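Worksheet: one structure, shown below.
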Amino acid sequence: MRIDLGAHDWTLRACGPLNHVPIELARRLAEGIPASVPGTVHTDLLAAGLIPDPYLDRNEADLQWIGLTGWRYETTFDRPAALGTAELVFDGLDTIAEIELNHRVLAETRNMHRSYRIPVTDLLADGNTLAVTFSSAVRYARAERARLGDLPNLGNDEPANFIRKMACNFGWDWGPKLVTAGLWKTASIEVWDVGRLRQVRVAAGGDGVVVVHAEVEGRDDLVLRARVADVEVSGPASAPLRAGVPDPRLWWPHSLGDQPLYPLTVTLETADGSIVDTWAREIGFRTVELDTDGGAFTFRVNGVPLFVRGANWIPDDCFPHRVDAARYDRRVRQAVEANIDLLRVWGGGIYESDDFYAACDRQGVLVWQDFLFACAGYPEEEPLRREVEAEAREAVVRLAPHPSLALWCGNNENYLGWFHWGWRESLAGREWGAGYYEDLLPSIVSELDPSRPYVPGSPWSGDPERDALDDDHGCVHIWDVWNERDYSAYLERVPRFVSEFGWQAPPTWATLTAAVHDVPLTPESPGILHHQKAADGNGKLARGLAHHFPAPESVADWHYLTQVTQARAIRTGIEHFRSHRPRCTGTIVWQLNDCWPVTSWSAIDGAERRKPLWYALRDAYADRLITLQERGAVLVNDSASPWETTVELRRMTVDGEILAKTSQSVRVPPRAAVVLPVGDVGVASDARRELLVADTGAERAIRFLADDLDIDYPEPRFETRVERTATGYAITVTARSVLRDLAVFPDRLAPDAEADQCLLTLLPGDHATIRVTTRYALDPEQLVTRPVLRCLNDVG
């Protein structure tokens, strides 16, 4: 029997220290306000109308008192009608909590990333009062730092490395500082008598064999039964069960095949067949390996090598309880539609809800799972070490059944800190977390999930004594390009695998203007700057633009050009790295998503809208890609079938005159790349006015032969036709001159409006139809007029 305590009425009170609470709120918060479970202090205060939305304007800055205050949640409930062992169960407490039942302290917690189960059989009365009191996570972390001594921390300005709490809750270079507290997952009373499944651990390979390990509480004569597909096995609850599904259909990432899932049900039963407890999941059969021979970093699924087309994942909301199954499903679907086949769950966030991994299972997206360490040195002393082990064991067991889970990774960028941020010298021999990554965590994975690969960190060179940024070994992060250089610098390196690289841009116009209400709105206006968390972020944006474009004359030009630059930068990197397969075997772009409206590296902004980068990812990650590189036209085939085609190469002027042309037949084997030299066709006579085109009919690559600032773009000449459709509008553009990076931004006219294509380059005579979906009636003239319809030719 399970009683959901979230269905009861809860009250939230501020409980000290109260010196930071605004005077006008102190009395109300002392009396108490309604609260939700799951929930957080911030969302409860917002629902009560006591604080402004922390995502809007500069409200975040005025809400820092919340993280410095203590908070008490209370509810009442009746004694359960069922008889047996009663337990109080918390699936997630954020973070430093004291739990009281009927004014008796039962437990203290200090870890957001694990669950808690507390026996209460003999403590229940007819009427019960439950209270959970949260101390300030900021104050706790500061006190632990003072007790243990400081350690490096690049991620934020608070010692998040001294507490087991979502690190980005303390702020990051793309996220706000909103240090909250609360019962962020479900809370319940569970009652059982005969027995229960304390834990179920599942291993499924590619041979159809499922091994079920169960930890059971209760009578000694209980029977364990497992059913998968049409196969059923049973045995003593004290021993593992093995069930074999004959001729199983294999699970694949969507880029390689289908995703058959099999329902697995585990029941605990009495000798006469009465069911005592049930556990159920969907599982898939597949093998996953990480080939690191000779410095490689190649994922193999069911024995097939994969070029990873990935993106990094951060928490989709600063308050993760607000992300439901439908939102996870939408986000994963957006990834799939961009041809992304792996998401890396980054180490400064959370172990995501099962809804996230289930969405990846269904839609064929591999998951690289970081353990939760990021950009900091971590104490290896108690009590942190004990908490790390408990959370890791729970996470590994919980996530192991998911076929999408492909890799466990010890940390994010901590080896980078050791080699490149001066940690080795400043730590002077002190422990900093390497014991977790090289000993504790791999031993847990080996014990509980031995079929999956593990790496100590990202980046990782395969050896703790070898530079983490060694292009010849393992996976690297590339951040000097965004921080210091033009994006053309991506072309200077060919790593074995790139697990982070990115370029910033603001969110879509509708998202930006819904969150920031500056008058006038400019790139340097206060709200815009507040929603730019990266160090010198706007300066880096400006320097990135300066390599390619004149200084923007308006905020509309700035917004368009930064979006173009982000999309072009990442496409430049991806196409270059893909063209060098099999030496390079994957790219994981930073980042897929945002947790709030912000200028960041994301492809999907905090309001779930697709930025131009998303469209660039869809094209650059297509199964079949043709790209023009310095060494020639490269055809990349990541499909399972040979690609036989004819490539037409032509050099032409920006006015459409063909200066040279040739064609060649080519066969590209599956999962391979072929280079075609362009020869004399690619030799410009007047680079300012010429471009090179590689065309297969279905795929096209265009390379302008001069830098942007030197290109003699013609005045944009085109014709448009707008037609009403059942779902919105169809805009047909017919080019009479070259139109570079043509885009329609319909969200400027309606908040739900979205185009199906973006940043198209059309040659004279080309036409393209851009379909806009919206529920609103729009002005057709506005749809084809600046600033809604843009191209680079009209800048300046």
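Of all strands (runs of 3 or more DSSP E) completely enclosed by segment 220-267, which ones contain at least 3 residues that are open to solvent by 30 Å² or more (accessible area, probe 1.4 Å)?
Values: elements: 223-228, 231-236, 241-244.
Strands (runs of 3 or more DSSP E) meeting the threshold: 223-228, 231-236.
Could you tell me whether segment 447-454 includes any residue that is without any contact (Cβ under 8 Å) to a residue 60 or more places away in the chain, of a type in the set (F, W, Y) and open to solvent by less than 10 Å² (accessible area, probe 1.4 Å)? No - not one qualifying residue is present in segment 447-454. Could you list, in sequence order, the residues of segment 785-795 that are under 34 Å from the mean Cα position of the chain (by Cα), open to solvent by 20 Å² or more (accessible area, probe 1.4 Å) and β-branched (V, I, T)? Selection gives V795 alone. Those strands (runs of 3 or more DSSP E) of segment 614-717 in which at least 2 residues are in contact with a helix residue (DSSP H, G or I) (Cβ under 8 Å, 6 or more places away or on another chain), open to solvent by 40 Å² or more (accessible area, probe 1.4 Å) and at pLDDT 95 or above, considering only elements entirely within it, cover 658-668.
Can you report the number of residues in segment 740-756 which are touching an Asp or Glu at 6+ places or on another chain (Cβ under 8 Å) and buried (at least 22 other Cβ atoms within 10 Å of the Cβ)?
Going residue by residue through segment 740-756, those that are touching an Asp or Glu at 6+ places or on another chain (Cβ under 8 Å) are 746-747, 749, 753-754.
If we keep only those that are buried (at least 22 other Cβ atoms within 10 Å of the Cβ) as well, we get 746-747, 753.
Number satisfying all stated conditions: 3.
Restricting attention to segment 735-765, the residues that are part of a loop (DSSP other than H, G, I, E, B) and within 32 Å of the chain's Cα centre (by Cα) total 10. For T732, the conditions (1) in a helix (DSSP H, G or I); (2) open to solvent by less than 60 Å² (accessible area, probe 1.4 Å) all hold with the exception of (1).
Please tell me if E269 is on the phi < 0 side of the Ramachandran plot and in contact with a helix residue (DSSP H, G or I) (Cβ under 7 Å, 6 or more places away or on another chain). So that I can check it myself, show each step before the final result.
Numbers: on the phi < 0 side of the Ramachandran plot: yes; in contact with a helix residue (DSSP H, G or I) (Cβ under 7 Å, 6 or more places away or on another chain): no.
Here the answer is no, as E269 does not meet what is asked.
The set of residues in segment 58-93 being touching a Pro at 6+ places or on another chain (Cβ under 9 Å) and part of a strand (DSSP E or B) consists of T85, A86, E87, L88.
Within segment 98-137, being among the polar types (S, T, N, Q) and either open to solvent by 30 Å² or more (accessible area, probe 1.4 Å) or in a loop (DSSP other than H, G, I, E, B) (or both) holds for N102, S115, T121, T129, S135, S136.
Checked against (1) more than 30 Å from R196 (Cα to Cα); (2) in contact with a helix residue (DSSP H, G or I) (Cβ under 6 Å, 6 or more places away or on another chain), V37 meets all criteria but (1). Taken across segment 505-516, residues that are of a type in the set (S, T, N, Q), at pLDDT 95 or above, farther than 24 Å from N593 by Cβ and open to solvent by 30 Å² or more (accessible area, probe 1.4 Å) do not occur at all. In the set (1) open to solvent by less than 10 Å² (accessible area, probe 1.4 Å); (2) of a type outside the set (A, V, I, L, M, F, W, C); (3) in contact with a strand residue (DSSP E or B) (Cβ under 6 Å, 6 or more places away or on another chain); (4) in contact (Cβ under 8 Å) with a residue 60 or more places away in the chain, the condition left unmet by D557 is number (3).
For every residue, the table says whether it meets (1) within 18 Å of G294 (Cβ to Cβ); (2) in a loop (DSSP other than H, G, I, E, B); (3) not β-branched (V, I, T).
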| site | (1), (2), (3) |
| --- | --- |
| E425 | no, no, yes |
| Y436 | no, no, yes |
| E447 | no, no, yes |
| S451 | no, yes, yes |
| R466 | yes, yes, yes |
| H477 | no, no, yes |
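Take Y55 and decide whether it is surrounded by 15 or more Cβ atoms within 10 Å (Cβ to Cβ), part of a loop (DSSP other than H, G, I, E, B) and hydroxyl-bearing (S, T, Y). Taking the combined requirement at face value, the residue satisfies it. Residue pairs whose Cβ atoms lie under 9 Å apart, separated by 6 or more positions or on different chains, with the first residue in segment 606-634 and within 16 Å of V681 (Cα to Cα) and the second of a type in the set (D, E) and open to solvent by 20 Å² or more (accessible area, probe 1.4 Å), are T627/E575; L628/E575; Q629/E575; V634/E575. All conditions in (1) open to solvent by 30 Å² or more (accessible area, probe 1.4 Å); (2) under 34 Å from the mean Cα position of the chain (by Cα) hold for G273, with the sole exception of (2). Checked against the criterion of being outside any loop (DSSP other than H, G, I, E, B) and without any contact (Cβ under 8 Å) to a residue 40 or more places away in the chain, the candidates D361, D355 yield just one match: D355. For segment 702-722, the candidate set comprises residues that are within 17 Å of I658 (Cα to Cα) and among the aromatic types (F, W, Y); within that set, the residue that is nearest to the chain's Cα centre (by Cα) is F704.
Is it the case, given these coordinates, that G303 is open to solvent by less than 10 Å² (accessible area, probe 1.4 Å) and of a type in the set (G, A, S)?
Numbers: open to solvent by less than 10 Å² (accessible area, probe 1.4 Å): no; of a type in the set (G, A, S): yes.
The answer is no for G303.
Residue pairs whose Cβ atoms lie under 8 Å apart, separated by 6 or more positions or on different chains, with the first residue in segment 756-767 and without any contact (Cβ under 8 Å) to a residue 60 or more places away in the chain and the second surrounded by fewer than 18 Cβ atoms within 10 Å (Cβ to Cβ), are D756/R771; D756/T773; L760/A768; T761/I702; L762/A768; D766/T734; H767/T732; H767/T734. Based on what the data block shows, is W601 touching a strand residue (DSSP E or B) at 6+ places or on another chain (Cβ under 6 Å), at pLDDT 95 or above and not polar (S, T, N, Q)? Considered against the rule, which asks whether it is touching a strand residue (DSSP E or B) at 6+ places or on another chain (Cβ under 6 Å), at pLDDT 95 or above and not polar (S, T, N, Q), W601 comes out as no.
Quick one: E781 ticks every box in (1) touching a Lys or Arg at 6+ places or on another chain (Cβ under 8 Å); (2) open to solvent by 70 Å² or more (accessible area, probe 1.4 Å) bar one, so which box is it? Among (1) touching a Lys or Arg at 6+ places or on another chain (Cβ under 8 Å); (2) open to solvent by 70 Å² or more (accessible area, probe 1.4 Å), the lone unmet condition for E781 is (1). Scanning segment 203-215 for residues that are touching a strand residue (DSSP E or B) at 6+ places or on another chain (Cβ under 6 Å) and either open to solvent by 40 Å² or more (accessible area, probe 1.4 Å) or in a strand (DSSP E or B) (or both) yields a total of 9.
This table checks each residue for (1) farther than 19 Å from E553 by Cα; (2) among the hydroxyl-bearing types (S, T, Y); (3) touching a residue at least 40 places away in the same chain (Cβ under 8 Å).
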residue: A505; (1), (2), (3): no, no, yes
residue: V516; (1), (2), (3): yes, no, yes
residue: S525; (1), (2), (3): no, yes, no
residue: Q532; (1), (2), (3): yes, no, yes
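Checking the conditions here, which among T734, T696, T727, T785 is free of Cβ contacts under 8 Å to residues at least 40 places away in the same chain and either out of contact with any Asp or Glu (no Cβ under 7 Å at 6 or more places or on another chain) or not hydroxyl-bearing (S, T, Y) (or both)?
Numbers: T734 fails: either out of contact with any Asp or Glu (no Cβ under 7 Å at 6 or more places or on another chain) or not hydroxyl-bearing (S, T, Y) (or both); T696 fails: free of Cβ contacts under 8 Å to residues at least 40 places away in the same chain; T727 fails: free of Cβ contacts under 8 Å to residues at least 40 places away in the same chain.
Among T734, T696, T727, T785, only T785 is free of Cβ contacts under 8 Å to residues at least 40 places away in the same chain and either out of contact with any Asp or Glu (no Cβ under 7 Å at 6 or more places or on another chain) or not hydroxyl-bearing (S, T, Y) (or both).
Within the span defined as segment 138-152, one or more residues are buried (at least 19 other Cβ atoms within 10 Å of the Cβ), among the aliphatic types (A, V, I, L, M) and under 29 Å from D53 (Cβ atoms).
The values are calculated or read from the model by the stated rules, or taken from the named source; none is laboratory data. Given the structure is predicted, the values throughout are model-derived calculations rather than measurements. No Cβ is skipped: glycine too gets one built from the backbone with ideal geometry, and neighbour counts run over all protein chains shown. Ligands, DNA and RNA are excluded from the accessible area calculation, which covers all protein heavy atoms including side chains. Shrake-Rupley method; radii C 1.70, N 1.55, O 1.52, S 1.80 Å.
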